[in-house]
Amino acid sequence: MRWFRRRRVDLGTYVAPDPVAPPPTAQIVREGALIGESVVRMTLRNRLIVDALRDHHDLDLNNLTRVAATEFETLADHEWESAERIRIRREVQREGADYEGLDLEHLQESLRRESIHRGMSEAFAARAADADSLAGVVDRSRSEAWAEIGDVIVARAGERALVLERDPLYGHERAERISALLAVDLSLLAQERGVEL
């Protein structure tokens, strides 16, 4: 039974790290906007993949640009609503009995968070209105989607080509189809245009 006995390890005494100052609001807004852009790119990439593989739709850059703008607008609205909730909560605390218990540090943090949410809302709204930014997001999404499914699409196209080559009647039926095209369709077209064959 000696094998299962646990040994005690001395981990030392815990010493709390020194407090770290919060990053500047502009840095948080910039990084948050990049994260939001990543979310929009992922949404577009998934839409491209589903459209191509499941729904067999062609690439529509105008539609993707509209979707990207809508996604950025949704993110902007969400951030604006978050800022409003923080502001309203702070005002309710000011008017209520809890205001005396509200310390200056908590008040400053509340103002800072509201500022961050408003800044992110403005950043997302600016990206939704910027055609160059939207085009860049759509282009990156398209590249990411192709990197993910390009091999599948190429393989499927190759499989269809192999099916045509394996079909023994394809060559015979092809000759018949070409004969019918020459006999009927081209003759009618020649008559319409006044050309002799």
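Values for this structure:
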{"item": "Positions within the range 111-129 being within 17 Å of the chain's Cα centre (by Cα) and either farther than 12 Å from E73 by Cα or not in a helix (DSSP H, G or I) (or both), in sequence order", "result": "none"}
{"item": "Filter pass, T65 being over 30 Å from R113 (Cα atoms), touching a residue at least 24 places away in the same chain (Cβ under 8 Å) and either outside any helix (DSSP H, G or I) or of a type outside the set (A, V, I, L, M) (or both)", "result": "yes"}
{"item": "Residue count for the range 1-52, restricted to those that are among the aromatic types (F, W, Y) and assigned to a loop (DSSP other than H, G, I, E, B)", "result": "1"}
{"item": "Boolean, R45 is within 27 Å of V138 (Cβ to Cβ) and not β-branched (V, I, T)", "result": "yes"}
{"item": "Which numbered condition L104 fails, given (1) more than 27 Å from P23 (Cβ to Cβ); (2) free of Cβ contacts under 8 Å to residues at least 24 places away in the same chain; (3) hydrophobic (A, V, I, L, M, F, W, C)", "result": "(1)"}
{"item": "Subset of the range 39-78 (residues that are of a type in the set (D, E) and surrounded by fewer than 19 Cβ atoms within 10 Å (Cβ to Cβ))", "result": "D51, D55, D58, D60, E73, D77"}
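The numbers here are math on the coordinates, done by the rules we state, and not lab data. The model shown is predicted, which means the values in this text are computed figures rather than measured ones. Cβ: placed from backbone, ideal geometry, glycine included. Neighbour counts: every protein chain shown.
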